[in-house]
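**Q** Got a structure here, written out as structure tokens. Questions coming.
The values are calculated or read from the model by the stated rules, or taken from the named source; none is laboratory data. The model shown is predicted, which means the values in this text are computed figures rather than measured ones. Protein only, heavy atoms only, side chains kept; ligands, DNA and RNA dropped before computing areas. Shrake-Rupley method; radii C 1.70, N 1.55, O 1.52, S 1.80 Å.
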Amino acid sequence: MSDTQTSTLLTIRIVPDPVLRKTARAVTPADAAQVRALIPQMFATMYAAPGIGLAAPQVGVLLRLVVIDIAPEKTPAPLVLINPEVVAASPESATREEGCLSLPEQYAQVVRPAWVRVKYEDERGARREIEGDGLLAACLQHEIDHLNGVLFVDHLSALKRNMLLRKLAKEQKEKTSRK
Ligand code: NI
């Protein structure tokens, strides 16, 4: 990915940007040129943030496209998922701390299925499947949620969600006033 270095960094949308609450539409062959251009820019933006996953709506593009790399420092394994869909999930759940580039510096324990299988298309349009548990399972579900306008805070109690959103709003306001 030599073009990562020269790619323009995209602006990551922050809550309460309304684009984060919209449902993204499926990628079609007509989107090929846009998607091809977007993928290296999304990876560059994600690595720079730094983050381990980024969904197109987070950069203002309402297409069902996600990039993931859960171990960028150890063994980079960039994963591009086009039109991803959870097709199987374990009945067992797992709790992990999650954060999100669209909710900077906010973290919470989120309960989700411990294992999932996801079908998707790769960059060349080939149909593929991936399955995983642990961090990968949480990341896949978190990013696919973004394509449906769902944020990790939606998995929390209303009380916890509102506390976290108020804290975010306050911190963002302070950040803006310091500029
Ligand atoms: Ni996120």
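**Q** Just by accessible area at a 1.4 angstrom probe, what is the order of M46, M163 from largest to smallest?
**A** Details: M46 0, M163 110 Å².
Final ranking, largest accessible area leading: M163, M46.
**Q** Semi-axes of the range 1-93's equivalent ellipsoid from the Cα gyration tensor, sqrt of 5 times each eigenvalue, largest first, rounded to whole Å?
**A** Values: eigenvalues 81, 67, 45 Å².
Semi-axes (√(5λ), whole Å): 20, 18, 15.
**Q** Still on this structure: Using the alpha carbon gyration tensor of the chain, what are the three equivalent-ellipsoid semi-axes (square root of 5 times each eigenvalue), largest first, in whole Å? Before the final figure, lay out the partial values.
**A** Values: eigenvalues 120, 90, 46 Å².
That gives 25, 21, 15 Å for the three semi-axes.
**Q** Over the range 3-178, calculate the relative contact order: mean separation of alpha carbon pairs under 8 Å at least 6 apart, over the residue count, as a percent. Write out the running numbers ahead of the final one.
**A** Numbers: 308 pairs, mean separation 37.0, N = 176.
In percent, rounded to a whole number, it is 21.
**Q** Excluding ligands and nucleic acids, what accessible area in Å² is computed for K160 using a 1.4 Å probe, to the nearest 10?
**A** 130
**Q** Relative contact order for the range 1-71 using alpha-carbon pairs under 8 Å, separation at least 6, rounded to a whole percent?
**A** Working: 88 pairs, mean separation 28.2, N = 71.
Relative contact order of the range 1-71: 40 percent.
**Q** Take the Cα gyration tensor of the range 52-148, multiply each eigenvalue by 5, square-root it, and list the three semi-axes largest first, rounded to whole angstrom.
**A** Values: eigenvalues 73, 58, 36 Å².
Output for the range 52-148: semi-axes of 19, 17, 13 Å.
**Q** Could I ask something else about it? Skip the ligands, DNA and RNA, and give the accessible area per residue of the chain with a 1.4 Å probe, whole Å². All intermediate terms of the calculation are to be shown ahead of the outcome.
**A** On the way: 9900 Å² over 179 residues.
Result: 55 Å² per residue.
**Q** Sorted from largest down, what three extents in whole angstroms do the Cα atoms of the range 113-179 have along their principal axes?
**A** That works out to 47, 29, 20 Å along the principal axes.
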